[in-house]
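Here's the structure we're looking at; comments come further down.
The values are calculated or read from the model by the stated rules, or taken from the named source; none is laboratory data. Here the structure is a predicted model, which means the values were calculated and not measured. Because the Cβ atoms are built from the backbone with ideal geometry, glycine has one as well, and the counts that use them run over all protein chains shown. Calculation scope for accessible area: heavy atoms of the full protein, side chains included, ligands and nucleic acids excluded. Shrake-Rupley method; radii C 1.70, N 1.55, O 1.52, S 1.80 Å.
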Amino acid sequence: MAGEVFLKGKVKIIGIWDGSAYRPVACDTQNTLETVLSDGASVVTKCDPDNIVTTPGAFSYSLSGEGVQLDTTSTSGDTAKASHDFLFDLQQNKTRVSWRRVTGLADIPFYYGYGYINNLSDLGETGEDNPNATYTFTLNGDGGIVKTDPNV
């Protein structure tokens, strides 16, 4: 079909609110927003004995990603971005974070929500194929996803 507008994966950037701005999660190579509507209740009633009636369960989501680590702790590093060190502090302090993710959509530029850094890995390989330290993270959502910035 003609006229499709394809979304680019490179625009799907996650930012973590630091109290004054959304820090982009640095040098990520990929990220994912996964939403789940759990199974709800199913029942057969005498009013409609030949059909199972279901209701939806709870909505939940997670954000995950992986990337190359940056030093964001010193003035020689990039303190405007969020890398493993920034995410590690949030995880260790059990901080509820505010996040946003670029949608790539013309009329809905961002999704927003809250959550906790649940899983965080620090991978330090050697070799020519991947000389840089990398990381992966998972943020479990707390509440729903909204289309307006809660920090405005």
Review point. Taking the range 135-151, which residues are over 11 Å from the mean Cα position of the chain (by Cα), of a type outside the set (S, T, Y) and closer than 18 Å to D107 by Cβ?
Key: V146, K147, D149
Exercise for review: Return the total of residues in the range 59-117 being assigned to a strand (DSSP E or B) and touching a helix residue (DSSP H, G or I) at 6+ places or on another chain (Cβ under 7 Å).
Suggested key: 3
Practice item. Kindly indicate the residue of the range 1-56 that is acidic (D, E) and surrounded by 10 or more Cβ atoms within 10 Å (Cβ to Cβ) and also farthest from the chain's Cα centre (by Cα) among those meeting that condition. Key: D48
Review point. Can you pull out the residues in the range 99-120 that are surrounded by 17 or more Cβ atoms within 10 Å (Cβ to Cβ) and either closer than 16 Å to A133 by Cα or basic (K, R) (or both)?
Key: R100, R101
Check your understanding: In this structure, is R96 open to solvent by less than 80 Å² (accessible area, probe 1.4 Å) and of a type in the set (K, R)?
Key -> no
Revision key, fill the gap. Those residues of the range 121-152 which are small (G, A, S) and loosely packed, with under 14 Cβ neighbours inside 10 Å amount to S121, G124, G127, G143, G144
